[in-house]
Each structure stands twice: as C-alpha cells, then as structure tokens.
Amino acid sequence: MKSIYGYSEVDFENYLLSLGEKKFRAKQLIEWVYRHKIKSFDEITNMKKSFIEKLKEDFTIDEFECVKLQESSDGTKKFLFRLSDGNLIETVLMVNEYGYSVCVTSEVGCNMGCAFCASGLKKKLRNLETSEIVLQILMVEKFTNIKVTNIVVMGIGEPFDNYDNVIRFLRIVNNPLGLEIGARHITVSTCGLVPKIYEYSDFDLQVNLAISLHAPTDEIRNKLMPINKTYNIEKLKEAISYYIEKTNRRVTIEYILLDGINDTIDCANKLADLLHGLNVYVNLIPYNEVLEKPYKRSKADNMRAFFDLLKKRRINVQLRREQGSDIDAACGQLRSKEMKKEVLWEEE
Ligand code: SAH
C-alpha cells in the first residue's frame with residue numbers, strides 16, 4: 001500500500017491508465033484528496049464502487065501524530081511530528097504580512113556536515129518520502145486551521161540530496177486543483193549540490209532557489225561547509241549563473257554572520273566582488289548559536305557595517321528578521337530536545 005499523498009497528477013494518470021481507467025479521473029482524485037480532504041475513499045461520490053475498492057487496496061490516507069506543538073511570542077509555531085516508522089521531524093509555521101509560510105524538513109537528519117549547523121549533528125537516517133513532505137503542509141493546516149500560502153524547503157536535510165522526492169512534492173503542492181501553492185511562493189534552499197542546481201534550472205515550475213553561501217572565499221567556505229571541497233565557489237557561481245540565465249529569476253544568497261569568521265569588512269568586499277553583476281538578493285542571517293558548536297553570532301555593529309558595505313557596493317541585501325528563536329524554531333535550530341534525547345539513547 002502506498003500513501004495517497006505521494007502521487008502527483010501524472011503518477012495518478014499512469015496508475016489509472018494501467019488499470020484501463022480514464023485519465024481525467026486523476027484530476028478528480030486530486031480534488032477529493034486535497035480540496036475535500038477525504039478521510040476515507042468511501043466519501044468519493046463520482047466513481048464506481050469497484051474502483052473505490054481498488055483505491056482502498058492500493059492506497060492509505062495517512063496522518064502524522066503531532067507529538068508536540070510549541071508557539072512563539074511572535075506567532076511562529078513549531079511542530080514535532082512522528083513518522084510511521086517512529087522517526088521524529090520538525091516543521092515550522094511562520095506568520096508574515098503576506099500570509100502563512102511553512103518551513104519543511106526534507107530528510108531525517110542530514111549528511112552535509114556544515115560546521116555551524118545543529119541539524120547535521122544527527123546523521124541522515126533516510127530520505128523523507130514525497131508523502132511525508134506533503135503531509136507536513138496538510139498537518140500544519142489541519143492543526144491550525146489556516147491555509148498555507150508559502151513554502152520554504154529549509155528545514156532539516158539537504159533537499160537536493162533527496163531531489164526526486166522534493167521535486168514530486170513541489171508538483172503536488174503546486175497543483176491548481178489541489179493545494180494550489182504558487183510556484184513563485186515556494187523556495188528551495190541548497191548548500192550547493194552543483195549538478196542538481198543545473199537540473200533544477202531546467203525544471204518546468206517557476207520555483208525559487210536559495211543558496212547557502214556563508215563565505216566569500218574557498219579558504220573560509222572549506223572550513224564551514226564540506227560540500228565546498230567537492231563543488232567550490234567558482235563551480236557554484238557558474239551553476240547559479242546558469243540558473244539565472246535559464247529561468248530569469250533572482251537567486252537568494254544566504255549568508256550567516258559568524259563572529260570573527262566571515263563578518264569582516266574584507267569579507268564583505270570579497271562577497272561584493274563575487275556577486276557583482278549577478279541577479280541575486282543577499283539575506284544576511286544572524287547566527288543562532290548552537291550549544292555544541294564553537295561559533296558565535298556577529299556583534300551588532302559588525303553586522304551593520306557588513307550590511308552597509310554591501311549596500312554601498314550596490315548589492316541587494318537585507319538583514320533577516322528572526323522568527324521563533326524563543327522556541328528554537330529559528331534558522332538552523334531545528335532539532336528538538338526530544339531528538340537530542342533520542343540520540344543519547346542510541347549511544348547508550
Ligand atoms: N540544506 C539546505 C537547507 C537547510 S538549512 C541548505 O543548506 O541550504 C537552511 C538554512 O539555515 C541554511 O542557509 C543554513 O546554512 C542555515 N543555518 C544552519 N544553521 C544555522 C544557525 N545555527 N543559525 C542560522 N542559520 C543557520
């Protein structure tokens with residue numbers, strides 16, 4: 001049996017054709033699943049009984065158990081969900097002036113090993129299934145009674161290390177008969193898996209790309225992000241240029257400011273040199289300190305000076321507003337107390 005939430009419209013069409021059924025029923029199925037939010041296939045009224053029985057044999061309509069829900073003073077909510085195999089994942093809902101934005105997790109753990117990041121403290125156990133990424137959106141809507149308008153794939157995991165499932169997820173949530181989340185309202189963030197950036201450039205949906213850069217030189221980036229030893233800044237920049245050329249879309253560059261590591265005026269100048277002429281938007285992110293890591297957040301004056309220098313050099317830049325840090329839901333903080341306990345338990 002498969003989860004009904006793992007199938008895109010094309011997947012349903014192929015399934016229907018294999019049964020000798022009409023292709024247009026794929027559209028009907030999507031409406032039943034995502035608009036009517038059926039709990040049982042028996043709720044379907046416009047399909048014959050024998051076909052409904054077949055659906056029951058082949059698919060489950062599953063849910064996550066919400067183990068914990070924390071709410072921040074700024075309205076941010078963090079969900080701890082239990083997957084069917086017992087693994088725990090986190091999903092964050094943020095309230096913005098433009099709507100409701102959900103930060104989804106793409107893998108159980110992460111193998112990228114970025115030196116400053118809490119998520120990587122737990123090695124990747126497995127990819128999330130497409131349905132498990134889709135269910136994060138559905139469960140957030142169910143538990144809060146809101147309609148999600150924006151998605152960032154920036155939770156735990158490297159989305160381009162689980163590329164096919166993430167791409168299928170994007171198709172499903174974007175489907176106009178289903179959740180109908182506009183491609184322009186969706187952003188996928190990568191630490192820089194270059195071959196996948198090329199593949200993503202040729203993807204037919206107009207979804208956004210964010211790159212976790214965090215350093216202006218290979219020397220610094222090699223120390224922070226092991227992926228840089230495989231795909232250095234030059235290769236990454238070529239891939240970003242290709243994406244911009246192919247899609248005509250502006251790329252977001254994420255840059256965490258780490259005290260004494262990458263936050264000097266010299267770094268800001270080098271970053272401006274690197275990005276000069278590229279259609280990018282730089283998001284400067286105040287580092288959220290992680291107990292097990294030695295890095296410190298940049299001093300406010302240095303962050304300001306870094307920001308001002310980029311502005312002066314005519315780079316589009318913003319200093320990101322923090323959300324949900326009081327419940328450990330801010331950038332890079334995803335990894336719950338429960339998950340820490342779980343890791344300890346494994347070590348015993
Ligand atoms: N693997 C993807 C997506 C998940 S991380 C990626 O690397 O882009 C989402 C963002 O949070 C990345 O830019 C990541 O570098 C950043 N981040 C990780 N730890 C952080 C921390 N402690 N404080 C602030 N941002 C952090």
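The values are calculated or read from the model by the stated rules, or taken from the named source; none is laboratory data. Only a predicted model underlies this, so the values are computations on that prediction, with no experimental measurement involved. Note that each Cβ is placed from the backbone with ideal geometry, even for glycine, and that neighbours are counted across all protein chains shown. Note: areas computed on protein heavy atoms with side chains; ligands, DNA, RNA excluded. Shrake-Rupley method; radii C 1.70, N 1.55, O 1.52, S 1.80 Å.
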With axes computed from alpha carbons, what is the tilt in degrees of helix 9-18 against the longest principal axis of the chain, rounded to the nearest 10 within 0 to 90?
30
Take the Cα radius of gyration of region 89-136 and divide it by 2.2 N^0.38 Å, with N its residue count; two decimals is plenty.
1.32
Of all alpha-carbon pairs in region 230-299, indicate the percentage at a distance above 13 angstrom.
71
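Can you give me the accessible area per residue for the chain, using a 1.4 Å probe, in Å²? Walk me through the numbers on the way to the answer.
Details: 15860 Å² over 348 residues.
With all protein chains present, the chain gives 46 Å² per residue.
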Compute the length gained on full extension between K2 and E71: take 0.36 nm times their separation in residues and subtract their Cα-Cα distance, giving the result in nm to one decimal.
21.6 nm
So how tilted is helix 130-144 from the main axis of the chain? Cα-based, degrees 0 to 90, rounded to 10.
90
With each run of n ≥ 4 DSSP H residues scored as -39500 (n - 2.57), what mean residue ellipticity at 222 nm is computed for the chain after dividing by its residue count and rounding to the nearest 500 deg cm²/dmol?
-10500 deg cm²/dmol
Applied in sequence order to region 117-125, the curve 6.51 cos²θ - 1.76 cosθ + 1.60 (Karplus, θ = phi - 60°) yields integer Hz couplings, x standing for Gly and Pro, of 9, 6, 4, x, 5, 10, 4, 5, 8
So, R0 is 51 Å and r is the distance between the beta-carbons of I52 and S241; what FRET efficiency does that work out to, to 0.05?
0.50
Calculate log10 I(q)/I(0) of the chain for q = 0.09, 0.10, 0.14 Å⁻¹, where I(q) comes from the Debye formula with a single equal point scatterer on each Cα and nothing for solvent.
-0.51, -0.63, -1.17
Along its principal axes, what span do the Cα atoms of region 195-265 show, with the longest given first and each in whole Å?
41, 22, 15
Please list the non-local residues whose amide H lies under 5 Å from the amide H of D259, H modeled 1.01 Å from N, same-chain partners needing a gap of 5 or more.
K296, R297, S298
Bridge orientation stat for the chain from DSSP, antiparallel percent rounded to 5, came to 45
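Mind ranking 263-274, 161-172, 127-138 by how tightly packed they are, going by the mean number of other C-beta atoms within 10 angstrom, highest first? Walk me through the numbers on the way to the answer.
Numbers: 263-274: 17.7, 161-172: 21.2, 127-138: 24.1.
In decreasing order of mean packing, 263-274, 161-172, 127-138 become 127-138, 161-172, 263-274.
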Which residue, V140, V173, V67, has the most motion in a Gaussian network model of the chain that connects Cα atoms within less than 10 Å?
V67
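Over the chain, what percent of the accessible surface lies on carbon and sulfur atoms, probe 1.4 Å?
Values: 7860 of 15860 Å².
That share works out to 50 percent.
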What ranking, highest mean first, results for peptides 188-200, 87-99, 36-48, 235-247 when packing means the other Cβ atoms within 10 Å averaged over each residue?
188-200, 87-99, 235-247, 36-48
Full extension from E63 to E219: what is 0.36 nm times the residue separation minus their Cα-Cα distance, to one decimal in nm?
51.6 nm
